[in-house]
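Everything below concerns the one structure shown next.
The values are calculated or read from the model by the stated rules, or taken from the named source; none is laboratory data. Model, not experiment: these values are computed from the prediction. All Cβ positions, even for glycine, are placed from backbone atoms using ideal geometry, and neighbour counts span all protein chains on display. The accessibility values were calculated without ligands, DNA or RNA, using every heavy atom of the protein model including side chains. Shrake-Rupley method; radii C 1.70, N 1.55, O 1.52, S 1.80 Å.
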Amino acid sequence: RDSSGNITVNQSKWPGGMQAVASYIHSKGLKAGIYTDAGANGCGGANQGSYNHYNQDMLQFEKWGFDYVKVDWCGGVNLGLNPATQYAQIRDAIAKATAQTGHPMGFSICEWGVSDPWNWGPASGNSWRVSNDISFNQGRVAWSDILKNFDAGTLHPDAQSLESYNDLDMMEVGAGGISTTESQAHFSLWAIAGAPLLAGNNITNMSSTTRSILTNSEDRAVGQDALGFRAIKVSGPS
């Protein structure tokens, strides 16, 4: 940050700055997302968070043209913050920024279901994580962990409504460790749960099989149901 607390951008790494990055993403027909933390630090290191800069950062993100912000919780844990309180403050900061810019920004709450976000998340974010990461090993995942997150996402169906969703974590379709059939089932499970369909793979080099799964029109129609309907788990193996 500079002396006024504004985020600075390394122009040698990001020529044109973050606005140019967002514009480039938009030119590909995609939405642009950005990451921060509710605390001062992030899950990947120091000085990655927005604590004490919520209004400033949310306004900056919208001015840059970002359409979505994921706000993590590692820094919040380190500071002993209250998630419901902090995420409500970030919600208000986004609302203020949108009133000024006219550019709405989706808000993803990511505190991993620790403090029952299905109870307070609908009043603050567009989505809230209900469990931990599917995998901490980039590009490799176990089928059992996919099922674990799916089960967590179906425990609180009443929390969901249009523009307000239980987030089961970004998908691992095409990742190592699972078969093509399991990737297909993974995408279908997220669709019937009404979860955000966030591709967790590298979209610049995905296989034709992965692309066909992620663009399956029947699955996407279920996941993007106009009424926001979602699956409710009624039983499981004994």
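Details
- Every residue from region 32-47 that is under 18 Å from GLY106 (Cβ atoms) and either touching a Leu at 6+ places or on another chain (Cβ under 8 Å) or modelled with pLDDT under 95 (or both): ALA38
- Residues (small (Gly, Ala, Ser), open to solvent by 10 Å² or more (accessible area, probe 1.4 Å) and either within 16 Å of the chain's Cα centre (by Cα) or closer than 25 Å to VAL234 by Cβ (or both)) located in region 110-124: GLY113, SER124
- Only listed residue being under 27 Å from PHE136 (Cβ atoms), open to solvent by less than 40 Å² (accessible area, probe 1.4 Å) and out of contact with any helix residue (DSSP H, G or I) (no Cβ under 7 Å at 6 or more places or on another chain), chosen from GLY17, GLY106, GLY42: GLY106
- Any hit, region 134-145, residues being within 16 Å of VAL71 (Cα to Cα) and without any contact (Cβ under 8 Å) to a residue 40 or more places away in the chain: no
- Among the residues of region 41-100, those that are within 24 Å of SER27 (Cα to Cα) and either of a type in the set (Lys, Arg) or without any contact (Cβ under 8 Å) to a residue 24 or more places away in the chain (or both) comprise LYS63, LYS70.
- Among the residues of region 133-168, the ones that are over 18 Å from the mean Cα position of the chain (by Cα) and at positive phi come to 0 in all.
- Selection count, region 217-238, where residues are open to solvent by less than 60 Å² (accessible area, probe 1.4 Å), over 22 Å from ASP145 (Cβ atoms) and in contact (Cβ under 8 Å) with a residue 60 or more places away in the chain: 1
- Looking only at region 125-166, and only at residues there that are assigned to a helix (DSSP H, G or I) and among the acidic types (Asp, Glu), the one that is surrounded by the most Cβ atoms within 10 Å (Cβ to Cβ): ASP145
- Identity of the residue in region 122-140, at pLDDT 95 or above and among the hydrophobic types (A, V, I, L, M, F, W, C), that ends up farthest from MET58 (Cα to Cα): ILE134
- Filtered residue count, region 173-216, keeping only those that are of a type in the set (Gly, Ala, Ser), touching a helix residue (DSSP H, G or I) at 6+ places or on another chain (Cβ under 6 Å), in a loop (DSSP other than H, G, I, E, B) and open to solvent by 10 Å² or more (accessible area, probe 1.4 Å): 1
- Residue tally, condition in contact with an Asp or Glu (Cβ under 8 Å, 6 or more places away or on another chain) and open to solvent by 50 Å² or more (accessible area, probe 1.4 Å), over region 45-83: 2
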